[in-house]
Amino acid sequence: MKKVWSMFLLILFCFTSAVAEDDIWVEETWKQIDREVDCDGLPLLIHARVLSVPDGTEACEYHLDKLGDDDLVEKGQQINWPALGFDMSHGKWRRPDKIGHDYAFVSEPEIYPYCCIFSYCQFIMKNRRQLYLSPYTVRKYVNSDDAEIKDISKEQIKAYAETVATECGFQLGNILRVYKCDDAETVREYMIAEAKDCEKETDIDLDTAIEYTFTDVIYPVYFNGLRLYSGERTATQNEREILNMNMRMAVTAGHGILVVEGPIIDSDHMKAVTDMKPVISAEEALRHMEEKYANLYRNDLRSVTVQELTLEYVPVATDPSAEKGYTVYPAWVAQTHEKWWDYDSNELQDWIGYEAYDARTGEEIF
């Protein structure tokens, strides 16, 4: 009987694991908070999309170790890179050494495709040359519902994202941002300019350029049920690095996935270091923001708008070089839009930034 029961538990475990692997998408619900606050003369405009958190949610701090040399190799060998469109027929893996603590696939004799897993728990994969993606004169910001372009449907984008998440061992939330270019002539012009910068003569026709029209999509990443920091990579005032842990994926009309960037985390390297405590509400986090701006003196700042508020886990380096790893704080992360006056140009400027407040105490992290 004991043997039968053990077999039943094993089957149940395997079934549960299979379901978990298939459950790539985390269902997110949102609410809207709108109000405007006078913070000692500074307008704080709260028009925020807020991620809903269940009542009674508790959180703790974690310590995230950097990946060691053996961990990098193990992670690199676990991922089915060809499933991501990565051609491994010409090149080799370069093992970590004293000069570079990363594990990289280096193509021969060309530069691309290229892949690297970094010790700071992130990776990048580039299937082809992709510098033309970057100029803001090429890419345009669009609504998350408008990610598709000709020959790339929403279903195809979702399927690509699911493949990446499956191979890398994480889950995904709703799309954060989308940039795209479906104008072949614009792509053609920048690809020719890029080739000239690399001292390569090339004549790219319009049909070829159509194959490189793209959509560039950014997703929040969930690991073990925790939504990781999805803002921009930055640093604290004491120069401690803050890791951006979202997943970026650019896909093309004719060549599938062009580039992927995202986190690589091992469960054994992320350990709880404090007891669980209840998280403060979104309203409490906003009140801490109001107190901050009421006591902030910046004569160039004209207004601050809170656009989004999410409960996320933010990795902050424990030392300036991050050699000792990261403390992962549960935090209410606010995306803000600042308007400030540039006295040099005498013009009003815009800045999109991120602020984080400890989800247990409300204390500002950055």
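The values are calculated or read from the model by the stated rules, or taken from the named source; none is laboratory data. Please read these numbers as outputs of a predicted model, since none were measured by experiment. Cβ: placed from backbone, ideal geometry, glycine included. Neighbour counts: every protein chain shown.
Structure notes:
- Of all residues in segment 240-253, those satisfying the criterion of being farther than 18 Å from A317 by Cα and either at pLDDT 95 or above or crowded, with 21+ Cβ neighbours inside 10 Å (or both) are M247, R248, M249, A250, V251, T252.
- Strands (runs of 3 or more DSSP E) contained entirely in segment 25-128, each with at least 2 residues that are within 30 Å of S303 (Cβ to Cβ) and out of contact with any helix residue (DSSP H, G or I) (no Cβ under 7 Å at 6 or more places or on another chain): 30-39, 42-51
- Residue list for segment 132-147, restricted to those being among the β-branched types (V, I, T) and surrounded by 12 or more Cβ atoms within 10 Å (Cβ to Cβ): V138, V142
- Filtered by the rule that a residue be buried (at least 17 other Cβ atoms within 10 Å of the Cβ) and of a type in the set (A, V, I, L, M, F, W, C), segment 148-171 gives I149, I152, I157, A161, V164, A165, C168, F170.
This table checks each residue for (1) under 30 Å from K339 (Cβ atoms); (2) in contact with a Ser or Thr (Cβ under 8 Å, 6 or more places away or on another chain).
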residue: R35; (1), (2): yes, no
residue: L45; (1), (2): yes, yes
residue: G76; (1), (2): no, no
residue: G85; (1), (2): no, no
residue: E110; (1), (2): no, no
residue: Y114; (1), (2): no, yes
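- Pair list, Cβ < 8 Å and 6+ apart or interchain, from segment 61-90 residues that are within 30 Å of M276 (Cβ to Cβ) to residues that are buried (at least 19 other Cβ atoms within 10 Å of the Cβ) and among the basic types (K, R): L67/K75
Every residue, every condition in (1) over 21 Å from the mean Cα position of the chain (by Cα); (2) not polar (S, T, N, Q), yes or no:
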position	(1), (2)
M245	no, yes
A250	no, yes
A253	yes, yes
V259	no, yes
G262	no, yes
T274	yes, no
A282	yes, yes
M289	yes, yes
Y293	yes, yes
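- Filtering A165, A159 for residues that are under 24 Å from E312 (Cβ atoms), out of contact with any helix residue (DSSP H, G or I) (no Cβ under 9 Å at 6 or more places or on another chain) and either touching a residue at least 40 places away in the same chain (Cβ under 8 Å) or assigned by TED's automatic domain parsing to the domain that holds V260 (or both) leaves a single hit, A165.
- Checked across segment 288-298, the condition of being of a type in the set (F, W, Y), under 25 Å from Q122 (Cβ atoms) and at pLDDT 95 or above holds for no residue.
- Selection over segment 23-39 of residues that are exposed (fewer than 10 other Cβ atoms within 10 Å of the Cβ) and either of a type in the set (D, E) or modelled with pLDDT under 95 (or both) gives a count of 2.
- Check on T327, under 19 Å from the mean Cα position of the chain (by Cα) and under 21 Å from E28 (Cα atoms): no
- Of all residues in segment 215-243, none that is in the same structural domain as V316 (by TED's automatic domain parsing) has its Cβ atom under 7 Å from the Cβ atom of a residue that is crowded, with 23+ Cβ neighbours inside 10 Å, 6 or more apart or on another chain.
- Qualifying positions in segment 144-156 - free of Cβ contacts under 8 Å to residues at least 24 places away in the same chain and more than 24 Å from E308 (Cβ to Cβ): S153, E155
- Output for segment 92-131, where each listed residue is over 20 Å from the mean Cα position of the chain (by Cα), closer than 23 Å to E241 by Cβ and of a type outside the set (A, V, I, L, M, F, W, C): P96, D97, K98, G100, H101, Y103
- For segment 188-214, the tally of residues that are in a helix (DSSP H, G or I), acidic (D, E) and either over 14 Å from T252 (Cα atoms) or modelled with pLDDT under 85 (or both) stands at 3.
- Residue check for Y114: surrounded by 19 or more Cβ atoms within 10 Å (Cβ to Cβ), assigned by TED's automatic domain parsing to the domain that holds G254, over 30 Å from E312 (Cα atoms) and modelled with pLDDT of 95 or more: yes
- Here S89, S144 are screened, and the one residue that is over 24 Å from the mean Cα position of the chain (by Cα) and of a type in the set (S, T, Y) is S89.
- Selection of segment 177-196 for residues being in contact with a strand residue (DSSP E or B) (Cβ under 8 Å, 6 or more places away or on another chain) and either surrounded by fewer than 20 Cβ atoms within 10 Å (Cβ to Cβ) or without any contact (Cβ under 8 Å) to a residue 40 or more places away in the chain (or both) yields R177, D182.
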